[in-house]
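Notes follow once the structure below has been shown.
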Amino acid sequence: MAAALGVRLSIWLGAVTCGFSFLCAVGLVLLLQRQEPGEADDYEKTKIPTLTDIWTVPKQFWLFIMAMAFIQGTLIGSQVNLPEYLESRYDYTITEAGFMTGVTCLFNISAPFLSLIIKHIGCHGVVLMTAIIWMTSVYALLGFLPAIHPLILTVSFGIGTSTITVTMWQVLILLSPASCVGTLGGILLLVRHLTVAFTLLASGYILEKPEVTDMMKVLQSYQNFFLMLIIMASTSVLCVMVMNVLDVRESSALNSRIGSWRKSDIESTKLIAITRSSMKYSSTNK
């Protein structure tokens, strides 16, 4: 848009879009004013959570917070610097790099269908861990394997980002008590934005290249940047892995399908033990 219409008109179109979003918010407020009181009973009866309530949430939630902070920091940090990286690595123009980066956002259209699929699978923790491992691999390929076509990598980036974003909100609902969902969601966003801020500061320091004309040094700095993303994503994988282990051992709230399999195995084991005991008892009586 900037190339076709100019920077000023593109910025004004962005302002108009924000204005439309504001009008939608006003419309939402007006619709909520018409809501029947009976429909809001559950919310009116919900007490305001205290610090004690927040500290009593499952341990898995805090591991989830750490995992989301690290992986979301890598997602936003990489999206900010991806266009310039594509220009430097693949000699793309600004427009071409913008198109390639925009591919990652197109997969958000599939979010409703993706949400239904994840819910049907019934293993939110495992899906989240798989998506984060997927993104870790994408960072490694982006930074160290330029032979792979960037379109394949940006499509893979979009798939991983959409999966993580959709699963994140579902896991938040599953781990949070009903009275603390809003507060815990705020904590999640607070920690995530703080991590994003520090990630952007670190990436700016790593990619700082005053008067650097040697393209090899520029690409080396980008490799260091992707190495930072890989470390952060790997830390996120470890947090989700521990979260899943605790979840399966306790309530299997995040991995209900695994919990049902485990329950069936336990019941089968007990049934086999009872059968063997009865057979042994019968043979002894004979």
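The values are calculated or read from the model by the stated rules, or taken from the named source; none is laboratory data. Source: prediction; values computed, not measured. Cβ sites come from the backbone with ideal geometry, for glycine too, and all protein chains shown count toward neighbours. With ligands, DNA and RNA removed, areas are computed over all heavy atoms of the protein, side chains included. Shrake-Rupley method; radii C 1.70, N 1.55, O 1.52, S 1.80 Å.
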- Message: Just the residues that are within 17 Å of I133 (Cβ to Cβ) and modelled with pLDDT under 85, please, taken from the stretch 206-253.
- Response: none
- Message: Can you list residue pairs whose Cβ atoms sit under 9 Å apart, with the first residue in the stretch 233-255 being assigned to a loop (DSSP other than H, G, I, E, B) and the second being open to solvent by 70 Å² or more (accessible area, probe 1.4 Å) and among the aliphatic types (A, V, I, L, M)? Count only pairs 6 or more apart in sequence or on different chains.
- Response: A253/L174; L254/L174
- Failed condition for G160, given (1) small (G, A, S); (2) surrounded by 15 or more Cβ atoms within 10 Å (Cβ to Cβ); (3) modelled with pLDDT under 90: (3)
- Query: Across the stretch 186-210, what is the total count of residues that are of a type in the set (K, R) and part of a loop (DSSP other than H, G, I, E, B)?
  - Reply: 1
- Note on the structure: So, first residue open to solvent by less than 30 Å² (accessible area, probe 1.4 Å) in the stretch 111-139, second residue part of a loop (DSSP other than H, G, I, E, B), Cβ within less than 7 Å, six or more apart or across chains; the pairs are H124/L254; G125/L254
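Okay, residues lined up against (1) at pLDDT below 90; (2) within 17 Å of I231 (Cα to Cα):
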| position | (1), (2) |
| --- | --- |
| L116 | yes, no |
| K119 | yes, no |
| M135 | no, yes |
| M168 | no, no |
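Per-residue answers, yes or no, for (1) at pLDDT below 90; (2) of a type in the set (V, I, T); (3) surrounded by 12 or more Cβ atoms within 10 Å (Cβ to Cβ):
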| residue | (1), (2), (3) |
| --- | --- |
| Q33 | yes, no, no |
| K45 | yes, no, no |
| P49 | yes, no, yes |
| K59 | yes, no, yes |
| F70 | no, no, yes |
| V103 | yes, yes, yes |
